[in-house]
Amino acid sequence: MTNKQHIIDRFISYVKIDTQSDPNSNSTPSTKKQWDLANKLVDELKAIGMQEVTIDEHAYVMATLPANVPHTVPVIGFVSHFDTTPDFSGTNVNPQIIEDYDGKDIVLNEEKDIVLSSEYFEDLQQYKGQTIITTDGTTLLGADDKAGITEIMTAMEYLIDNPEIPHGKIRVCFTPDEEIGRGAHKFDVEKFGAEWAYTMDGSQIGELEYENFNAAQAVVRIEGKSVHPGYAKDRMINSMYIAQDFINSLPRLETPEHTEDRQGFFHLSSIKGDVEETVLEYIIRDHDRTHFEARKKMMKDLGNDICAQYERDCVQIEIKDQYFNMREKVEPVMYIVDLAQEAMEAVDVKPIIKPIRGGTDGAQLSFMGLPCPNIFAGGHNFHGKYEYVPVESMQKAAEVIMKLAELTAKKYE
Ligand SMILES: [Zn+2]
């Protein structure tokens with residue numbers, strides 16, 4: 001059994017280091033401060049006895065736990081990210097530890113009257129009696145994804161200290177910039193050398209995910225014609241009215257606020273306009289690749305229709321694919337999901353398998369040749385001041401990692 005206090009200390013030592021990433025920077029890592037934690041992780045990997053510990057010029061940290069069985073076992077990997085979201089402050093994180101949680105509201109900050117309500121955040125109820133780590137109400141916590149790093153590090157240390165547990169070669173990688181969608185961009189899949197891997201980056205205990213959205217963004221540029229309003233009859237073309245037609249012609253109920261599970265959507269995220277020009281920004285999401293392509297086509301057709309109606313080339317649409325559903329890459333090797341499920345059940349964690357309504361680094365990695373489902377890291381309410389993580393969930397995640405290593409070794413005996 002992993003030591004609880006050891007996990008708490010380790011986790012806190014990570015979240016106290018500010019590692020916020022920045023979408024406006026073009027370098028990797030996007031912020032210099034991410035090196036602070038990356039370098040610390042290198043030292044720690046070496047200290048616990050990991051082999052082949054490396055850090056490259058983009059701060060990707062990799063390490064190896066050598067096999068301790070004589071037979072051939074596929075190399076498996078575990079991945080998590082050390083940056084935190086640019087959406088909320090990660091400076092001076094001051095974690096609060098609530099032992100033997102009583103199921104009631106948790107006051108995060110008395111002075112500012114910030115309360116983690118157990119009624120509003122009803123997931124809290126399932127952690128009665130456990131040890132919960134929260135923020136002090138002024139920052140995020142960073143359990144996303146420093147819980148994942150804690151779990152991988154703890155599992156590796158435990159496997160090194162308990163060599164009677166059989167396992168093949170294990171590779172681990174800690175990446176920068178996941179929160180700005182670039183965690184996989186500079187990931188050297190060949191150097192990593194694993195046959196498949198798992199990101200430890202899901203939310204509540206039990207989560208196991210191998211399906212995510214297909215994603216694209218669209219910029220719709222609508223051109224009008226500005227003329228003095230007093231003398232505009234039959235001459236002015238107001239781009240904002242054309243934009244209105246465009247918006248209203250897309251299915252109004254296929255939007256984020258009206259969809260769930262496997263339903264896709266068009267999301268209008270920004271409008272900027274005047275008479276002369278209006279720019280609409282959309283994101284398009286769908287789990288089903290055929291529906292996804294149909295959505296993109298629907299948007300383009302609509303643009304063409306409006307151009308035809310106004311008899312001028314007034315709608316310009318630029319659509320860029322962002323990422324694809326990893327399901328098509330994972331399904332041919334479905335045993336890697338089955339193994340994760342089996343590992344969870346073996347340590348009394350009930351698997352919760354559901355499609356992600358977003359993306360993961362694992363999706364990008366899967367398309368780069370490293371099939372990579374996502375496993376829970378244990379935290380809740382990511383990207384804000386209400387973020388929290390039960391220590392027991394981190395312990396279970398570490399156990400799942402160890403069990404996966406063991407089951408893989410046994411499968412190939
Ligand atoms: Zn994350």
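Descriptive notes on the structure:
- Here CYS372 passes the criteria (1) within 14 Å of the ligand (Cβ to nearest atom); (2) farther than 18 Å from PHE187 by Cβ; (3) not β-branched (Val, Ile, Thr) except the one numbered (2).
- Flag if THR85 is in the same structural domain as PRO371 (by TED's automatic domain parsing), among the hydroxyl-bearing types (Ser, Thr, Tyr) and within 16 Å of the ligand (Cβ to nearest atom): yes
Conditions (1) small (Gly, Ala, Ser); (2) loosely packed, with under 14 Cβ neighbours inside 10 Å, marked per residue:
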{"position": "ILE306", "(1), (2)": "no, no"}
{"position": "ILE317", "(1), (2)": "no, no"}
{"position": "GLN322", "(1), (2)": "no, no"}
{"position": "ASN325", "(1), (2)": "no, no"}
{"position": "ASP348", "(1), (2)": "no, yes"}
{"position": "GLY362", "(1), (2)": "yes, no"}
{"position": "GLN395", "(1), (2)": "no, no"}
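- Pick from the stretch 145-165, criterion acidic (Asp, Glu) and within 16 Å of the ligand (Cβ to nearest atom), ranking: surrounded by the fewest Cβ atoms within 10 Å (Cβ to Cβ): ASP145
- Filtering the stretch 42-56 for residues that are within 22 Å of GLY181 (Cβ to Cβ), surrounded by 18 or more Cβ atoms within 10 Å (Cβ to Cβ) and under 23 Å from the mean Cα position of the chain (by Cα) leaves an empty set.
- Applying the set (1) over 19 Å from LEU37 (Cβ atoms); (2) outside any helix (DSSP H, G or I) to LEU141 leaves exactly one unmet item: (1).
- When GLY168 is tested against (1) part of a loop (DSSP other than H, G, I, E, B); (2) surrounded by fewer than 22 Cβ atoms within 10 Å (Cβ to Cβ); (3) more than 16 Å from the ligand (Cβ to nearest atom), exactly one condition is not met: (2).
- Qualifying residue in the stretch 198-214 (condition: in a strand (DSSP E or B), away from the ligand (no atom under 16 Å from the Cβ) and in contact with a Phe, Trp or Tyr (Cβ under 7 Å, 6 or more places away or on another chain)): yes
- The stretch 88-99, subset within 22 Å of GLU392 (Cα to Cα) and in a loop (DSSP other than H, G, I, E, B), residue farthest from the ligand (Cβ to nearest atom): GLU99
- Number of the condition not met by GLY224 [criteria: (1) assigned by TED's automatic domain parsing to the domain that holds CYS372; (2) in contact with a helix residue (DSSP H, G or I) (Cβ under 6 Å, 6 or more places away or on another chain); (3) surrounded by fewer than 23 Cβ atoms within 10 Å (Cβ to Cβ)]: (1)
- Some residue of the stretch 236-246 being modelled with pLDDT of 95 or more, in a strand (DSSP E or B) and touching a strand residue (DSSP E or B) at 6+ places or on another chain (Cβ under 9 Å): yes
- Here VAL189 passes the criteria (1) more than 16 Å from the ligand (Cβ to nearest atom); (2) of a type in the set (Val, Ile, Thr); (3) closer than 22 Å to LEU365 by Cα; (4) buried (at least 22 other Cβ atoms within 10 Å of the Cβ) except the one numbered (4).
- Counted residues, the stretch 46-80 - those being under 16 Å from TYR412 (Cα atoms) and either assigned to a strand (DSSP E or B) or within 16 Å of the ligand (Cβ to nearest atom) (or both): 1
- Test: residue in the stretch 318-326 that is within 16 Å of the ligand (Cβ to nearest atom), touching a strand residue (DSSP E or B) at 6+ places or on another chain (Cβ under 7 Å), farther than 16 Å from THR199 by Cα and of a type outside the set (D, E, K, R): yes
- Listed by first and then second residue, the pairs linking a residue in the stretch 68-92 that is farther than 18 Å from ILE375 by Cβ to a residue that is within 16 Å of the ligand (Cβ to nearest atom) and of a type in the set (Phe, Trp, Tyr), with Cβ atoms under 8 Å apart and 6 or more places separating them unless they lie on different chains, are THR85/PHE382.
- Within the stretch 117-144, considering residues that are at negative phi and in contact with a helix residue (DSSP H, G or I) (Cβ under 7 Å, 6 or more places away or on another chain), the one farthest from the ligand (Cβ to nearest atom): SER118
- Out of ASP105, ASP36, one residue alone is of a type in the set (Asp, Glu), assigned by TED's automatic domain parsing to the domain that holds ILE336, free of Cβ contacts under 8 Å to residues at least 60 places away in the same chain and closer than 16 Å to LYS146 by Cα. It is ASP36.
The values are calculated or read from the model by the stated rules, or taken from the named source; none is laboratory data. Just so it is clear, the model here is predicted, and its values are computed rather than measured. Reconstructed Cβ throughout: ideal geometry from the backbone, glycine too, with neighbour counts over all protein chains shown.
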